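These notes concern the structure reproduced below.
Each value in this text was obtained by applying a stated rule to the coordinates, not by laboratory testing. Note that this is a predicted model, so its numbers are computed, not measured. Quick reminder, even Gly has a Cβ in these numbers, built from the backbone with ideal geometry, and neighbours come from all protein chains shown.
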């Protein structure tokens, strides 16, 4: 039977394990988060950060607090594609505009195709053409693939097994979105002047959905498929 002294030791140990984070610990954790996010070349997820911080740290709570602390500063802590990074405040982007080099301007056809993929994914080339009402060239899709804003997801389980397309994490990061669910709806598009305010009755913008997992009507891509992945000679 354990002694009363042992019971006291156990009680003390349990109390130490449940002790709340001290103000000094809190400040140090915030500083560590700042350092990790500032030095990172790419956005970091909560799981990435958890591996570098003390066990049991409330990662999301600290990130939200840090985000509030940087609101109104020259750089903001933002969440894109489920990951976190520091980004120049939107109203100050003009300061960096002269340093930006635009490698390639997307054509209207490419922009329309990108929008259709974003809102209707997973979608095939034939479905894109049906929505646009015109033929979509392979060059347009190739250009979007080169930007890394879209990707080939799989093959549709229909005759001909057409390739399905969807957006990428790079697409979300470029447009400052946490998920495709953050894409603007009808009213937001009208307000931005991107949609005629007098749209036809019954007109609607589809609710965008995207998942890394294949849909029930999709098969995975075959990495040895020479049509999609030409093999070196």
Contour excess over end-to-end distance, with Cα ends at residue 50 and residue 213 and 0.36 nm allotted per residue:
56.2 nm
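Taking 0.36 nm per intervening residue step and subtracting the Cα-Cα distance, what contour gain separates residue 105 from residue 86 on full extension?
Net length gain for the segment: 4.2 nm.
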If packing is taken as the average count of other Cβ atoms within 10 Å, what order do 75-85, 139-149 fall into, highest mean first?
75-85, 139-149
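Work out the FRET efficiency for residue 129 and residue 225 from their Cβ-Cβ distance, taking R0 = 22 Å, and round it to the nearest 0.05.
0.50
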Using a ≥ b ≥ c from the Cα gyration tensor of segment 23-90 (square roots of the eigenvalues), is it rounded, prolate or oblate, where a/c under 1.5 gives rounded and otherwise the larger of a/b and b/c decides, a/b for prolate?
oblate
Relative packing of 43-54, 107-118, which averages over residues the other C-beta atoms within 10 Å, highest first
107-118, 43-54
Once you put a point 7 Å from the Cα of residue 27 and another 7 Å from the Cα of residue 178, both along the Cβ direction, what distance in nm separates them?
3.0 nm
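If I stretch the segment between residue 115 and residue 152 completely, what's the gain in nm (0.36 nm per residue apart, minus their alpha carbon distance), one decimal?
11.8 nm
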